[in-house]
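Report on the structure given below.
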Amino acid sequence: MKKHFLIALILIPVLSGLAIAASLQARPKPIAGTKPQVHQVVSQKVEIIKGLPVKRLPGSIIPIDGLDDLIAKSDLIVIGKTYKFVAEARSIIGRDHEGFIATAVSEVAFKVSKVFKGDPTLKEIRLGQQAAVVQENGKSYIRVFDEYTPLEPVKKYVLFLRKGIGTGEGLYFPTGVMYGKYNVDGGDAREDAAFDDPTFKAIKKAVKNRFKE
């Protein structure tokens, strides 16, 4: 009995060691000089808008907590259209002390058909967008803030706006960038596809019901 007990004690760690070794061998070994990658997906798709490549830059925005919060944080709320795409707009480029692009916004005229908050006599405003055509090394591209999408010409939008400062002084910019503009005639499919956010979708639904001409 003691003999069988001793054999068992010897075999258990040996078998356990073999099982561990086998499991380690079954796992793929990382290539030398690299780290294992977990759920990493690299998109090879190049975004193109109106024939121009798009470069998106991440950034921080004013947090928006629903429609009432958006209204409170906006200086002006209007519905209307623009007749120029960002590629036809005036680009306003700000550079740092080394000459590198620090800010890039564009200006278009926005025709106002109704004012919901602000000066009721407004018929047109200078709209600033966090998107602009820039040139570097002889090549043009659209520089865009995060998941913002430029307004499509002749499509109808409800805009929640704040007065610009600095480079954008004199312009009105969408409040919270992506949260400040809503296409309400179904003509801008890119808007929903680019910014898949539940808060945005909830606000957009409420905007369509509440803000009408």
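The values are calculated or read from the model by the stated rules, or taken from the named source; none is laboratory data. These numbers come from a predicted model, not from an experiment. Glycine also receives a Cβ, built like all others from the backbone with ideal geometry; neighbour counts cover every protein chain displayed. Side chains are part of the model used for accessible areas, which takes the heavy atoms of the whole protein and leaves out ligands, DNA and RNA. Shrake-Rupley method; radii C 1.70, N 1.55, O 1.52, S 1.80 Å.
Could you please find all residues in the range 157-170 being buried (at least 21 other Cβ atoms within 10 Å of the Cβ) and either on the phi > 0 side of the Ramachandran plot or at pLDDT 95 or above (or both)?
TYR157, VAL158, LEU159, PHE160, LEU161
Give just the number: which of (1) at pLDDT 95 or above; (2) more than 30 Å from VAL46 (Cβ to Cβ); (3) acidic (Asp, Glu) does GLU213 not satisfy?
The failed condition is (1).
Select from the range 91-118 the residues that are under 17 Å from PHE173 (Cβ atoms) and not in a strand (DSSP E or B) and list them in ascending order.
Residue satisfying the conditions is GLY118 alone.
Output yes when any residue across the range 124-136 is at negative phi, at pLDDT below 90 and buried (at least 16 other Cβ atoms within 10 Å of the Cβ), and no when none is.
No, the range 124-136 contains no residue that is at negative phi, at pLDDT below 90 and buried (at least 16 other Cβ atoms within 10 Å of the Cβ).
Which condition number does ALA104 fail, the rest of (1) farther than 15 Å from GLU191 by Cβ; (2) in contact (Cβ under 8 Å) with a residue 40 or more places away in the chain; (3) buried (at least 22 other Cβ atoms within 10 Å of the Cβ) being met?
Every listed condition holds for ALA104 apart from (2).
Mind checking which residues of the range 177-187 are touching a strand residue (DSSP E or B) at 6+ places or on another chain (Cβ under 8 Å) and open to solvent by less than 20 Å² (accessible area, probe 1.4 Å)? Steps first, please.
Looking only at the range 177-187, we keep the residues that are touching a strand residue (DSSP E or B) at 6+ places or on another chain (Cβ under 8 Å), and these are 177, 179-184.
Passing the criteria: VAL177, GLY180, LYS181, TYR182, ASN183.
Quick one: which of PRO198, PRO174, PRO150, PRO120 is in contact with a strand residue (DSSP E or B) (Cβ under 6 Å, 6 or more places away or on another chain) and open to solvent by 10 Å² or more (accessible area, probe 1.4 Å)?
Step by step, each of PRO198, PRO174, PRO150, PRO120 is checked, and only PRO174 is in contact with a strand residue (DSSP E or B) (Cβ under 6 Å, 6 or more places away or on another chain) and open to solvent by 10 Å² or more (accessible area, probe 1.4 Å).
Of all residues in the range 37-83, count the ones that are surrounded by 11 or more Cβ atoms within 10 Å (Cβ to Cβ), assigned to a loop (DSSP other than H, G, I, E, B), at pLDDT below 95 and among the basic types (Lys, Arg).
Summing the residues that are surrounded by 11 or more Cβ atoms within 10 Å (Cβ to Cβ), assigned to a loop (DSSP other than H, G, I, E, B), at pLDDT below 95 and among the basic types (Lys, Arg) in the range 37-83 gives 1.
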